[in-house]
Amino acid sequence: MAEKGVETGEKSLKEKGNEFFKAGNYLKAAALYTQAIKLDPSNATLYSNRAAAFLSLVKLSKALADAETTIKLNPQWEKGYFRKGSVLEAMEKYDDSLAAFEMALQYNPQSAEVSRKIKRLGQLQKEKQRAQELENLRSNVNMAKHLDSFKSELSANYGAEECWKEMFSFLVETMETAVKSWHETSKVDSRVYFLLDKEKTQTDKYAPVVNIDKAFESPHTHSNCFTYLRQYAEESFSKAACLVTSKSSISYPQVWKGQGSRKWKLGQNDGIFVQFESPSIRNVWFIPSSKEKGQTLCREPQGLDIGAHEILPRIFKEVSKSS
């Protein structure tokens, strides 16, 4: 009679727990399943039910432990593997979750629910992988790998290795700083960076950065800015300069709205212009920006025809190719 009373009590507790679970009261359901487990500690169904309650309460460690116990008590019942897979999915352990669901499918190949889970996990794996790739692209900015042709041009024009390497590093660092700022804030300040001559420049008088946020307000401010920068480059004995500005900040000269060869072909998205200036070489790039999975991402720099798309006229007086 005692055993029958335990069985009856256990069954009643389980059914009450099921009712609370269906009503969304997962805490009460878990408590009732716990009482039932004390009466029948080898009942796999009770652990499976409590695992579902703990999962709904986001008590994932407890849910996983109950799922493992369910499997231990009844290794050929797919429900234990299903519970385990569901908990691991919530933990974002997609590889382990997929393995658990595949075990569940082995024991119940007809389960449409398990098949849907496996399909869903495959998609989540792809999304997680892409999100990680995006984060890597945002965190590990490497502009140098996109500028091999410009490196060759610098090398050809500036024979001294020390000279052209210094200019190339200056350009790469300027680009990477701009991209990192864009990734963090979706904007860059309009500035011109100067590669100062360490031996000749009066560093107390000439800074390596000049703000030009007003330069694109009108043809007048644009002209004044260019005149100032040209004088600044000469008096500071700068070796090179890099202009950085966002596409959206330019109201003049709107380089992408010209005709024929000047027509803008890189879409409507915002991005960053980088214009390199030196006595022998001038170049301009546009670094497009896009949104993916809620993250701002800069794409690789696109070289432009500086004759059609210069942001500012020549800053340095032109000189012939160095020996």
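The values are calculated or read from the model by the stated rules, or taken from the named source; none is laboratory data. These numbers come from a predicted model, not from an experiment. For neighbour counting, all protein chains shown are included, and Cβ atoms are generated from backbone atoms with ideal geometry for every residue, glycine included.
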Exercise. For the subset of the range 170-223 comprising residues that are of a type in the set (A, V, I, L, M) and part of a helix (DSSP H, G or I), which member is nearest to the chain's Cα centre (by Cα)?
Worked result: Val179
Problem set entry | Long-range neighbours under 8 Å by Cβ, at least six apart or interchain, first residue free of Cβ contacts under 8 Å to residues at least 24 places away in the same chain within the range 269-280, second surrounded by fewer than 19 Cβ atoms within 10 Å (Cβ to Cβ) and not aliphatic (A, V, I, L, M) | Asn269/Pro288; Asn269/Ser290
Exercise. What are the residues in the range 138-153 that are at pLDDT below 90, surrounded by 16 or more Cβ atoms within 10 Å (Cβ to Cβ) and part of a loop (DSSP other than H, G, I, E, B), if any?
Worked result: Val141
For this session: Working carefully through the options Leu134, Leu105, Leu98, Leu88, find the one that is in contact (Cβ under 8 Å) with a residue 12 or more places away in the chain and either farther than 20 Å from Asp66 by Cα or not assigned by TED's automatic domain parsing to the domain that holds Phe54 (or both).
Result: Leu134
Exercise. Just a yes or no: is a residue in the range 241-253 surrounded by fewer than 19 Cβ atoms within 10 Å (Cβ to Cβ), at pLDDT below 95 and more than 31 Å from the chain's Cα centre (by Cα)?
Worked result: yes
Seminar exercise, completed: For the range 71-117 the number of residues that are crowded, with 21+ Cβ neighbours inside 10 Å and either in contact with a His (Cβ under 9 Å, 6 or more places away or on another chain) or part of a loop (DSSP other than H, G, I, E, B) (or both) is 0
Exercise. Taking the range 285-296, which residues are in contact (Cβ under 8 Å) with a residue 60 or more places away in the chain and within 10 Å of Gly271 (Cα to Cα)?
Worked result: Ile287, Ser289
Problem set entry | Single residue of Ala52, Ala63, Ala31 found to be over 13 Å from Lys84 (Cα atoms) and modelled with pLDDT of 95 or more | Ala31
Exercise. Going by the structure shown, is Met167 under 29 Å from Leu297 (Cβ atoms), among the hydrophobic types (A, V, I, L, M, F, W, C), within 28 Å of the chain's Cα centre (by Cα) and surrounded by 15 or more Cβ atoms within 10 Å (Cβ to Cβ)?
Worked result: no
Exercise. How many residues does the range 121-144 contain that are farther than 30 Å from Ala99 by Cα and more than 19 Å from the chain's Cα centre (by Cα)?
Worked result: 1
Exercise. If you take the residues of the range 265-323 that are in the same structural domain as Glu176 (by TED's automatic domain parsing), part of a loop (DSSP other than H, G, I, E, B) and among the basic types (Lys, Arg), which of them is modelled with the lowest pLDDT?
Worked result: Lys293
Exercise. Looking only at residues in the range 33-62 that are within 35 Å of the chain's Cα centre (by Cα) and aliphatic (A, V, I, L, M), which one is surrounded by the fewest Cβ atoms within 10 Å (Cβ to Cβ)?
Worked result: Val58
